[in-house]
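In what follows, a structure is listed as structure tokens, so that the remarks can point back to it.
Each value in this text was obtained by applying a stated rule to the coordinates, not by laboratory testing. All of these numbers come straight from a predicted model, not from anything done at the bench. Methodologically, a virtual Cβ is constructed for each residue, glycine included, from the backbone with ideal geometry; neighbour enumeration extends over all protein chains shown.
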Amino acid sequence: MLILPQRQAVLVAKLSLGALALNDIWFGGETKNPWLLEEGASGSSAGPGAATAAGLVGFSVGSETGGSIVSPSMRCGVVGLRPTFGRVARTGAMTLCWSLDKLGPMTRGVEDALLVLRAMSGPDAGDLSSVPSRLDFDAGAGVKGLRVGYFPAWMNEAPATEVDREALARVKSLGMVPTPARLPDWPYGSLNTILFAEAAASFEELTLDRRIDQLKMQVPDAWPNTFRQSRFISAVDFVQADRLRRKVAQEMARIFAEVDVLLVPSLRDEMLTLSNHTGHPSLTVRCGFIEVDRIRSDWAPDPAKPPAILSPKRRVPHGVTLIGRLFDEGTIGRVGLALERAFDVAKERPAGFA
């Protein structure tokens, strides 16, 4: 076990995030992706993702409720570590959802992410959900024999790419054991009933006094509309979603009795949703590049404003996500570091930045 020293950090800047922690558009405009300046950095931790990728900061702190560390880490080609719910105190951070919000490091490399997580970990009286925890991470430890679970169907359909499939192949070549996993065919998207209800409760005052009308984005999938609609969620619907959450947590416990780590396409909706609701940690690691032929966006497609076409296609980073057991960030750190070293693409920077 590597003993990591406690450190103090100096706050360099407060970085942009999507308005009320949604996507990458805020009152000052849209935070841009350093690899492709025509598009947004994704969100809601858009500023931390963009600033870290551009070398403006050594590391940053992102927040995630339903993908807000994973998505900008993917778009901006950085490492994003979403810790186990309760490992990092949220004292002083904006509350979106009491039972889902998590704070975690965004860095240029896996080792840095674990160093920063070590410094961030621990309980705080200002957050009753934060608990003492242990972080076992050794950058020199091997990964041979670790069971890496994957969902076969997911690897053969969007949003998976050749980078995801190559990562699975590298797992085997590094001595780990690819292990097929399975999940019940349940309506995982209905878990978002909990997210929407908690978020609407958190910002009820803004909704009732109509200050949400001042937000720049007023499209159907933006917070203003979601907050208004969520006032009509029934108690029965909320309880049923909470019961599903319990069943999903039991399924994750079953899976992690069979595997040590899960490797999944980073933006797979089911895993983003269920793992955030169960509180499991994730590590997003750049493993290669893909080519895109149009501008990407977090927002639902608008037929009246189709995404701009890119000609020629543009080369952008692409990563995979590792999901770990509760409070076992050390193992996903070891596997992530092994993949980072095997692919050897983490040192490439976006043109024009340090």
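What distance in nm separates the simple spin-label points at ASP302 and GLU205, each placed 7 Å from Cα in the Cβ direction?
3.1 nm
Classify the stretch 1-132: rounded, prolate or oblate, from the alpha-carbon gyration tensor (a ≥ b ≥ c, eigenvalue square roots; a/c under 1.5 rounded; otherwise prolate if a/b is larger than b/c)?
Values: a/c = 2.01, a/b = 1.34, b/c = 1.50.
It comes out oblate by the Cα gyration axes.
When a footprinting reagent is the concern and you count Cβ atoms within 10 Å, what order do VAL316, VAL239, VAL285 take, fewest first?
Details: VAL316 20, VAL239 11, VAL285 30.
Result, fewest neighbours first: VAL239, VAL316, VAL285.
Toward the positive end of the charge dipole of the stretch 170-244, about the Cα centre and with charges on Cβ (Lys, Arg +1; Asp, Glu -1), which of PRO184, GLN229, VAL239 goes farthest?
In the stretch 170-244, that residue is PRO184.
Using Cα-Cα distances under 8 Å and only pairs 6 or more residues apart, what relative contact order does the stretch 215-316 have, in percent? Can you show the working numbers first?
Values: 46 pairs, mean separation 21.0, N = 102.
Computed value for the stretch 215-316: 21 percent relative contact order.
In debye, nearest 20: dipole of the chain around its Cα centre with unit charges on the Cβ of K, R (+) and D, E (-)? Spell out each step's value before the answer.
Values: 40 positive and 39 negative charges, 103 e Å.
In debye, rounded to 20, the chain gives about 500.
Based on the inverse mean of 1/r over its pairs of different Cα atoms, what is the Kirkwood hydrodynamic radius of the stretch 252-354, in Å?
Details: mean 1/r = 0.0628 Å⁻¹.
Computed over the stretch 252-354, the radius equals 15.9 Å.
Can you tell me how the stretch 146-214 classifies by the Cα gyration tensor, rounded, prolate or oblate, using a/c under 1.5 as the rounded cut? Intermediate results must be reported in sequence, preceding the final value.
Details: a/c = 3.52, a/b = 2.84, b/c = 1.24.
Note, shape of the stretch 146-214 comes out prolate.
In the set (i) 40, 21, 18; (ii) 29, 24, 22; (iii) 34, 22, 21, which value of semi-axes √(5λ) of the Cα gyration tensor in Å was calculated from the structure you see?
(ii)
Could you check which residue among ALA200, ALA241, ALA300 shows the biggest mean-square fluctuation in a GNM of the chain with a 10 Å Cα cutoff?
Of the options given, ALA300 has the highest mean-square fluctuation.
Taking 0.36 nm per residue of separation and subtracting the Cα-Cα distance, what length does fully extending VAL292 through ILE233 add?
Here the answer is 17.4 nm.
Against the empirical 2.2 N^0.38 Å scaling, what ratio does the C-alpha Rg of the stretch 97-201 come to?
Details: Rg = 18.2 Å, N = 105, 2.2 N^0.38 = 12.9 Å.
Its radius of gyration relative to the 2.2 N^0.38 Å reference: 1.41.
How high is the relative contact order of the stretch 57-145, in percent, counting Cα pairs under 8 Å that sit 6 or more residues apart?
Values: 144 pairs, mean separation 28.1, N = 89.
Averaging sequence separation for qualifying contacts and normalising by length gives 32 percent for the stretch 57-145.
With a 10 Å Cβ neighbour count serving as the proxy for reagent exposure, in which order, fewest first, do SER71, SER121 appear?
Working: SER71 27, SER121 22.
The order, fewest Cβ neighbours first, is SER121, SER71.
Residues of the stretch 250-279 with backbone nitrogen within less than 17 Å of a virtual label 7 Å along the Cα-to-Cβ line of ASN156, please, listed as ranges.
Under cut-off, by backbone N: 265.
Quick one: P(r) of the stretch 227-294 from all Cα-Cα pairs, 10 Å bins, percents rounded to integers, in order of increasing distance.
Final binned percentages: 15, 36, 27, 18, 4.
Pick out, from PHE327, THR95, PHE137, the residue whose Cα sits farthest towards the positive end of the charge dipole of the chain, with +1 on the Cβ of Lys and Arg and -1 on the Cβ of Asp and Glu.
Farthest towards the positive pole: PHE137.
Relative contact order of the stretch 140-269, please, whole-number percent, based on alpha carbon pairs below 8 angstrom and at least 6 residues apart.
Values: 120 pairs, mean separation 52.4, N = 130.
Relative contact order, the stretch 140-269: 40 percent.
Taking the number of other C-beta atoms within 10 Å as the exposure measure, put ASP101, ASP112, ASP136 in order starting with the fewest. All intermediate terms of the calculation are to be shown ahead of the outcome.
Working: ASP101 24, ASP112 18, ASP136 14.
The order, fewest Cβ neighbours first, is ASP136, ASP112, ASP101.
In the structure shown, do any of LYS216/LYS313; LYS102/LYS144; LYS14/LYS102 have a Cα-Cα gap over 23 Å, and if so which? Intermediate results must be reported in sequence, preceding the final value.
Values: LYS216/LYS313 30 Å; LYS102/LYS144 30 Å; LYS14/LYS102 17 Å.
Beyond 23 Å between Cα atoms: LYS216/LYS313; LYS102/LYS144.
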